[in-house]
Structure formats: structure tokens, C-alpha cells
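Colleague: Got a structure here, written out as C-alpha cells. Questions coming.
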Amino acid sequence: MKVLLAGHFAALRLIFGALGALSATACARSAPDGATSAAVPATAVSTARVSAGAGRNLALVNGRWLVGDRFVSVTRYVVDGTLRDRFRGAPDSTLDLNGGFVVPPFGEAHNHNVEAPARVDALIARYLRDGVFYVENPNVLPRSRTALAGKVNTPTSIDVIFANGGLTGSGGHPIGVVRRNIAHGGMTAEDGDGQFYWEIDNAGDLARRWPAILAQHPDFIKVYLLYSEEYERRRADTAAVGWRGLNPALVSDVVRRAHAASLRVAAHVETAADFRAAIAAGVDQVAHMPGFRGDERVQLPDPAPYTLTDADARNAARRRVVVVTTLGGAGELDPAGADSLTRRALDALHRRNLSTLRRAGVRLAVGSDTYRDDSKAEVRYLHSLGVFSDTALVQLWSQETPRAIFPGRAVGRLGVGDEASFLVLACDPLARFACTDSIRWRMKDGRLLSALP
Ligand SMILES: [Zn+2]
């Protein structure tokens with residue numbers, strides 16, 4: 001097997017022992033001396049299948065592994081796609097991490113950009129290059145998702161969960177998204193109700209449509225709450241089309257049905273009242289922080305309707321609800337430009353709400369909800385707020401977010417029995433957060449991904 005290395009990171013050396021088709025037992029006596037390494041240009045595209053799990057194993061030496069909130073120098077082994085701390089006999093091959101800092105891959109807990117296959121190869125390459133391996137898409141056309149079969153959720157690609165169409169009220173968000181897409185030719189009239197969203201106005205609608213919702217096999221259920229404290233008024237107001245959502249009184253019924261089907265529920269929110277309604281109804285995730293985009297005009301003259309209280313945070317913490325950030329949009333407003341007032345008001349609101357949630361111990365996850373982001377700009381904005389230490393932000397992005405997306409999987413940690421997926425960084429991200437950019441090596445499900453485009 002020819003092994004390709006990214007030449008711009010000569011410090012990492014891959015040392016191979018017997019790379020023939022020998023079993024671990026057969027090569028137990030052939031220690032990896034006389035090893036060779038080769039360098040290729042950084043532009044080369046290759047997925048080097050090193051110890052791909054199928055009966056092969058790998059020793060990982062000289063790495064510093066993130067365990068909790070510190071790095072520990074240990075040798076780890078990859079056996080059948082999982083991490084081990086010991087291995088009987090000689091491994092098939094040895095990867096010298098040369099002092100690199102090993103962290104779990106990052107997560108993006110709110111993005112809709114993993115959808116139609118037109119540009120998906122480049123998108124997946126970008127996610128992998130940035131070290132973001134786990135993605136949650138909280139609203140997608142079922143037909144787009146079908147077209148992605150084989151592209152995602154494979155050992156060498158990103159892993160994605162999909163909500164399919166979200167549940168909203170008549171004329172509710174995201175109807176505007178569908179209308180815009182129909183105008184641009186990206187969707188047809190058939191893609192609206194029953195596909196990209198489900199219009200549900202009462203308990204009868206929910207009972208009648210629920211079997212069809214489940215028949216599309218969502219990975220989780222998305223509900224839309226927008227200014228739910230004004231639900232009755234907005235329902236009758238044609239000017240509020242696209243700026244209203246599900247009747248908040250129906251959410252607990254949705255949660256009950258979803259949980260009976262072993263599905264989690266994520267709630268879109270705009271205001272603190274939406275957040276309160278979502279928590280009270282028993283949702284598992286809140287897909288935004290209140291005021292993430294300001295008011296309906298994307299301004300913030302009055303932060304009060306979007307400000308969380310300590311009681312809100314305590315209730316969310318008690319119910320183990322995960323709150324997804326989606327705050328990075330504020331970072332696109334120039335602090336010295338025309339929107340500087342809005343920028344400062346949003347920064348202040350986001351700092352305050354994040355602090356309130358963290359003080360109460362609420363579980364958070366990084367999500368950008370931005371088509372051209374993959375959570376990298378989102379964490380950069382979170383870092384700029386000064387609410388998180390570098391260590392806390394690394395843990396949020398690499399440990400807590402992947403676990404929030406895939407709570408049933410051994411991701412977001414690097415212990416014995418966990419999935420053999422990780423990033424090797426050139427410098428210590430706990431000392432300097434920018435080191436999360438210094439990815440020199442990526443392993444996914446026991447396969448080494450090298451020299452991504
Ligand atoms: Zn969204």
C-alpha cells in the first residue's frame with residue numbers, strides 16, 4: 001500500500017510495519033523497524049486507508065490526547081475502528097503523532113447546507129478539511145436527503161442527522177424559504193406543505209398527519225416557535241406570514257408522540273417566551289438562542305423580549321436540554337460600520353444569555369445556521385465574546401457538540417471503546433484557541449484522511 005503524507009507537515013511521520021495482508025496474529029513477530037515514509041505535495045487528494053478496521057489495527061504513539069480538560073501523553077490503539085489502550089502482540093502499523101495534540105472532531109449542530117447534491121462533494125471536503133465531522137440538519141427536503149444517499153454517513157465522509165420537514169402553523173416559517181426557492185426555480189409547489197414543512201393548526205391536524213411525518217423517517221422532529229406569546233394575533237395577521245409558527249399549546253403533544261417513536265424534538269425559537277414554551281413542553285433541543293437574529297427587522301432596539309432569566313436557565317438545565325448557539329450572524333456586522341449599534345446590542349445580549357445559561361450549567365452546542373459556514377465562523381464569533389475560556393470552547397466544539405448531535409454514539413471523547421475518529425493539531429488549542437486551525441491529521445472511523453483539497 002502506498003501511503004501519502006501531507007508534505008507541509010513534515011513533523012508528522014507515519015511509520016509502517018508489515019503492511020501486507022497479514023492478520024495481527026500473523027505479523028505479531030514483525031516489529032515495525034526499517035519503516036519508511038513518503039511525502040507528497042499538499043495538493044494531492046487521497047484517502048489513505050490505514051488500518052481501516054477490517055481486521056487491521058494501528059498503534060498511535062507520541063500523541064497528547066484530550067481527556068476532559070487536559071492533554072495526556074498515552075499510546076492508543078485502533079482495533080476494529082475503536083480506540084483501545086492496549087493491544088496484545090505487534091500492531092499492523094504504527095502512526096507517530098510526534099507530540100501532536102489529539103482532539104475529537106468538531107460538530108455543527110445547526111446547518112441546512114448539507115442537502116441537494118449539486119455542490120455536496122466540495123462541501124463535504126470543506127467540512128472534513130475544517131475538522132467538522134458531525135452535522136445536524138434541522139430542516140431539509142426529503143427528496144434532497146434521498147439524493148444524498150451514499151454521500152454522507154460513510155466512514156470517509158461527514159455524519160449527518162436530518163429532521164426532514166419541520167412542523168409549523170399555517171403561513172408559518174419556513175414558508176418564505178419555500179416561496180423564495182420556487183421563485184428561483186429551486187423548488188416546486190409540491191415541495192411545500194407535507195415536504196419542506198408540515199402545516200398543523202390543531203390537535204386534529206397533528207393526529208391526522210403524524211403517520212405521514214413518521215413515514216418519511218426523520219432522524220428527529222423539528223418544531224417552529226416564532227413569537228409564540230403573540231400566537232393568536234399573528235395567526236390572523238397576513239403581515240405575519242413567515243413570522244409565526246406552531247401553536248405553542250401543541251408542542252407537548254408533538255414531544256409525547258416523538259418520544260414514543262424514539263425521536264428527539266428540536267425547537268426553533270425567536271424570543272425568550274418561545275424558549276420558555278419549548279422547555280415547558282419538554283423538547284430535547286432548542287435550535288437557536290433567543291434574539292439570535294435580533295427582531296423581525298434584524299435590529300435590537302429592545303433586548304427585553306430576548307433576554308433569558310435565571311429561572312429559564314435552571315429549567316433548561318434540570319431537563320438536560322441542549323441549547324444550540326447560532327449567534328455568528330452578529331459577527332458579520334461591522335462594529336465600526338453602519339450597523340455598529342445593532343452589533344453592540346447583539347453582542348451584549350448574546351454575552352448575557354450565554355452567561356446566564358452557563359451559570360446554570362445548561363448544555364450548549366455549537367451551530368451556525370449559516371449556509372456558507374460549517375461552524376468555524378460561529379466558534380470564532382463565540383470566542384470574540386470572551387464568555388468562554390479557550391479550554392471551554394474547545395470542549396464545547398469537540399466534545400459537547402458531537403455528543404449533542406449523536407447522544408447514542410461514542411463520539412466527542414477519546415477513551416477506550418470510543419470511535420476512532422480524531423484530529424491531530426500542531427499546537428495546543430487549550431493554550432491558544434487558534435490552534436484548532438492547525439489540523440495536520442484527520443482520522444474518521446479508523447481511516448486516515450490525508451491531503452484534502
Ligand atoms: Zn435553521
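The values are calculated or read from the model by the stated rules, or taken from the named source; none is laboratory data. No experiment lies behind these values; they were computed from the predicted model shown. With ideal geometry, Cβ positions are generated from the backbone for all residues, glycine too; neighbour counts draw on all protein chains shown.
Colleague: Which condition does ASN139 not pass, out of (1) buried (at least 20 other Cβ atoms within 10 Å of the Cβ); (2) more than 16 Å from the ligand (Cβ to nearest atom), if it passes all the others?
Modeller: The number of the failed condition is (2).
Colleague: How about segment 221-252: which of its residues are over 21 Å from GLY194 (Cα atoms) and outside any helix (DSSP H, G or I)?
Modeller: Passing the criteria: TYR227, ALA236, ASP237.
Colleague: Do you know which residues across segment 266-300 are within 16 Å of the ligand (Cβ to nearest atom) and in a helix (DSSP H, G or I)?
Modeller: Answer for segment 266-300, where residues must be within 16 Å of the ligand (Cβ to nearest atom) and in a helix (DSSP H, G or I): ASP274, PHE275, ALA278.
Colleague: Restricting to segment 77-114, what's the tally of residues that are of a type in the set (A, V, I, L, M, F, W, C) and out of contact with any Ser or Thr (no Cβ under 7 Å at 6 or more places or on another chain)?
Modeller: Selection size over segment 77-114: 8.
Colleague: Is one or more of the residues making up segment 397-405 assigned to a helix (DSSP H, G or I), of a type in the set (Asp, Glu) and either within 16 Å of the ligand (Cβ to nearest atom) or not assigned by TED's automatic domain parsing to the domain that holds THR436 (or both)?
Modeller: Yes.
Colleague: Okay, moving on. Hey, which of the helices (runs of 4 or more DSSP H) in segment 302-387, taking only ones fully inside, have at least 3 residues that are more than 30 Å from TYR127 (Cα to Cα)?
Modeller: 310-318, 340-359
Colleague: When you look at GLY329, is it modelled with pLDDT of 95 or more, buried (at least 16 other Cβ atoms within 10 Å of the Cβ) and either within 16 Å of the ligand (Cβ to nearest atom) or over 25 Å from ASP302 (Cβ atoms) (or both), yes or no?
Modeller: Yes, satisfied.
Colleague: Does GLY150 satisfy being surrounded by fewer than 21 Cβ atoms within 10 Å (Cβ to Cβ) and more than 16 Å from the ligand (Cβ to nearest atom)?
Modeller: Against the criterion (surrounded by fewer than 21 Cβ atoms within 10 Å (Cβ to Cβ) and more than 16 Å from the ligand (Cβ to nearest atom)), GLY150 qualifies.
Colleague: Right, here's the next one. Please work out if ASP369 is assigned by TED's automatic domain parsing to the domain that holds PRO290, of a type outside the set (Ser, Thr, Tyr) and surrounded by 16 or more Cβ atoms within 10 Å (Cβ to Cβ).
Modeller: Here the answer is yes, as ASP369 does meet what is asked.
Colleague: Determine whether segment 120-135 contains at least one residue that is part of a loop (DSSP other than H, G, I, E, B), of a type outside the set (Lys, Arg) and exposed (fewer than 15 other Cβ atoms within 10 Å of the Cβ).
Modeller: No, segment 120-135 has no match at all.
Colleague: Another question, if that's okay. Scan segment 94-152 for residues that are touching an Asp or Glu at 6+ places or on another chain (Cβ under 6 Å) and closer than 26 Å to ARG56 by Cα and jot them down.
Modeller: Scanning segment 94-152 gives PHE101, VAL132, TYR134.
Colleague: Here's another thing I want to ask about it. Does segment 184-202 include one or more residues that are assigned to a helix (DSSP H, G or I) and within 24 Å of ALA258 (Cα to Cα)?
Modeller: Within segment 184-202, one or more residues are assigned to a helix (DSSP H, G or I) and within 24 Å of ALA258 (Cα to Cα).
Colleague: When residues of segment 253-265 are filtered for being free of Cβ contacts under 8 Å to residues at least 40 places away in the same chain and not in a helix (DSSP H, G or I), how many remain?
Modeller: Matching residues across segment 253-265 total 1.
Colleague: Does ARG145 satisfy being within 16 Å of the ligand (Cβ to nearest atom), over 22 Å from VAL286 (Cα atoms), surrounded by fewer than 23 Cβ atoms within 10 Å (Cβ to Cβ) and among the basic types (Lys, Arg)?
Modeller: Yes: the conditions hold for ARG145.
Colleague: Now, a different point. Could you tell me which residue of segment 369-388 is farthest from the ligand (Cβ to nearest atom), considering only residues that are within 20 Å of THR356 (Cα to Cα) and among the small types (Gly, Ala, Ser)?
Modeller: In this case the residue turns out to be GLY386.
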